[in-house]
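In what follows, a structure is listed as structure tokens, so that the remarks can point back to it.
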Amino acid sequence: MESLIQDLQKTILALETLSETSVTASDQIDELLDQLFQQKIDLMNASLNVSSGPYQQAALAISQAAVKAGRAVKDPGSIDETAVAVADAISKLARLLDNVVPTA
């Protein structure tokens, strides 16, 4: 679970950087950030089965999103591709969170 949270945090940091730059700032980036922040909180309060299919899919998707978000910081031209990858990761994280038991 640690790598999932680390990749989620990397994605958040990259999107924050994009949000603060006038060339790449947008309502879409801000909305993705809001969703990722909430999912991070939800993940921290959840008991996850790291060997489950939904977990593995979410981990892969957020890993790919982190790479693409980091790339977009260096190359703002890839922001559309990044937004698609982050939205996909958000949907897979949502699916994962729909199937977990809160620990709090």
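Each reported figure results from applying straightforward, stated rules to the coordinates on display, with no laboratory input. Note that the structure is a prediction, hence the values are computed from the model and not measured. When we count neighbours, we look across all protein chains shown, and the Cβ atoms used for this are built from the backbone with ideal geometry, even at glycine.
Would you calculate, for the chain, the mean residue ellipticity at 222 nm contributed by helices, counting each DSSP H stretch of 4 or more residues as -39,500 (n - 2.57) and dividing by all residues, to the nearest 500?
Taken over the chain, the calculation gives -26000 deg cm²/dmol.
Taking all pairs of distinct Cα atoms, average 1/r, flip it, and tell me the Kirkwood hydrodynamic radius of the chain in Å to one decimal place.
13.5
Report the one residue of Ile79, Ile12, Val100 whose Cα lies farthest in the direction of the positive end of the charge dipole of the chain (charges on C-beta: Lys and Arg +1, Asp and Glu -1; origin at the Cα centre).
The residue sitting most towards the positive pole is Val100.
Rounded, prolate or oblate, given the Cα gyration tensor of the range 21-75, with a/c below 1.5 counting as rounded?
Oblate, since a/c reaches 1.5 and b/c is not below a/b.
What is the angle, in °, between the Cα long axis of helix 79-98 and the longest principal axis of the Cα atoms in the chain? Nearest 10 is fine, range 0 to 90.
Approximately 10 degrees, to the nearest ten.
Treating the angle as unsigned and between 0 and 90°, give the value, to the nearest 10°, between the Cα long axis of helix 27-44 and the longest Cα principal axis of the chain.
Around 20 degrees separate the two axes.
Tell me the label-point distance for the pair Val67, Asp42, using the 7 Å Cα-to-Cβ offset, in nm and rounded to one decimal.
2.5
If we count other beta carbons within 10 Å of each Cβ, what is the order of Ile41, Ile29, Ile12, fewest first?
Ile41, Ile12, Ile29
Express in nm, to one decimal, how much length is gained between Gln9 and Ser91 on full extension, taking 0.36 nm for each residue of separation and deducting their alpha carbon distance.
Working it through step by step, the gained length comes to 27.9 nm.
Per 0.36 nm of contour for each residue apart, how much would the distance between Ser78 and Ser19 grow if the chain were fully extended, relative to their Cα-Cα spacing?
Answer, rounded to one decimal: 19.8 nm.
Once both labels are modelled 7 Å past Cα along the beta-carbon direction, what's the Met1-Ser51 spacing in nm?
So the label points at Met1 and Ser51 sit 1.6 nm apart.
How high is the FRET efficiency from Asp27 to Leu60, r the C-beta distance, R0 30 Å, rounded to 0.05?
Here the calculated transfer efficiency is 0.65.
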